[in-house]
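Inspection log for the structure reproduced underneath, given as structure tokens.
The values are calculated or read from the model by the stated rules, or taken from the named source; none is laboratory data. Just so it is clear, the structure is predicted and the values come from calculations on it, not from any experiment. All Cβ positions, even for glycine, are placed from backbone atoms using ideal geometry, and neighbour counts span all protein chains on display. In case anyone asks, the SASA skips ligands and DNA or RNA and just uses the protein heavy atoms, side chains included. Shrake-Rupley method; radii C 1.70, N 1.55, O 1.52, S 1.80 Å.
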Amino acid sequence: QVQLVESGGRLVKAGESLTLSCVASGNIFSINPMGWDRQPPWKERELVASAMADGHTTYAESVKGRFTISRDNIKNTVHLQMVSLQPEDTAVYYCHAGVVAGSGLRYIERWGQGTLVTVSS
């Protein structure tokens, strides 16, 4: 079993910063990619940022320059540093990972339970 557990979501004011963290556990051989999605109220889930094991990163246009993703390939963790948060960043943030796991080394996709970020104006 592979599990992703997020932490760090809370209520903040516009302009403040926040860092989300996610740790993957289980019988993991490798993770690629690892990143974050979010689902704002009444909207569909969208990619926020993703990081490959080689360091290549991808960001949604709406967060470029404000969010920074980083991962630790040894600890199987990924962090999302968010600055200049705005009310439109309010969402449930989900950690996601493409994992090669288990004795059969199968590739599976996993998402965490989500952590709520609320940005007040």
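DSSP beta bridges confined to the chain are antiparallel in about 95 percent of cases. A Cβ-based charge dipole, computed about the Cα centre of the stretch 2-75 with Lys and Arg at +1 and Asp and Glu at -1, lands at about 200 debye.
Assign one of three labels to the stretch 1-70, namely rounded, prolate or oblate, based on the Cα gyration tensor with a ≥ b ≥ c the square roots of its eigenvalues; rounded applies when a/c is under 1.5, prolate when it is not and a/b is larger than b/c, and oblate otherwise. Prolate.
Which whole-number value in Å² is the accessible area per residue of the chain, probe 1.4 Å? It would help to have the intermediate numbers written out before the result.
Values: 6710 Å² over 121 residues.
Here the residues of the chain average 55 Å² of exposed surface.
With only the Cα atoms considered, the chain has a convex hull volume of 91 Å³ per residue.
Using the alpha carbon gyration tensor of the stretch 80-121, what are the three equivalent-ellipsoid semi-axes (square root of 5 times each eigenvalue), largest first, in whole Å?
Numbers: eigenvalues 204, 17, 7 Å².
That gives 32, 9, 6 Å for the three semi-axes.
In the stretch 1-110, carbon and sulfur make up what percent of the accessible area (probe 1.4 Å)? The value for the stretch 1-110 is 51 percent carbon and sulfur by accessible area. The length gained by stretching the chain between PHE29 and ASP54 to full extension, at 0.36 nm per residue less their Cα-Cα distance, is 7.5 nm.
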